[in-house]
Amino acid sequence: MKMQNKAAVLMLALMAGAAMSFAQSGGEAVYKARCQMCHGATGSADTPAGKAMKVKSFSDPIMLKMSDATLLGLTKNGSGKMPAFKDKLTDIQIQEVIAFIHQLQKMK
């Protein structure tokens, strides 16, 4: 009976771990809620708002060269038509979004 209990606990743990791996990261969730409308689902800035405001794709060479500190500053303080998020997002949330942006850049 003990062996069956251990097997059941192990199975539940594996199933829970698999379910969590499919969950959105914090950066992805914030990106979808705050950034995607202009920057697009893939970071290509191919949305109507992105095109209207001439937003650069995250795969643009200029964007690829930007340091995380620069991206953090732009996000906190805004840039051009992009609003400032310093009063809307924490530094940790912004760092998580930047990490998600890097994931999008690797997909290109």
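No lab work stands behind these numbers, since they all come straight from the coordinates. Predicted, not measured: the structure shown is a model, and the values here were computed from it.
Over 18 Å apart at the Cα level, from the set K32/K88; K51/K76; K81/K106; K81/K108, are K51/K76; K81/K106; K81/K108.
Share of pairwise Cα-Cα distances greater than 21 Å in segment 24-106 is 17 percent (whole percent).
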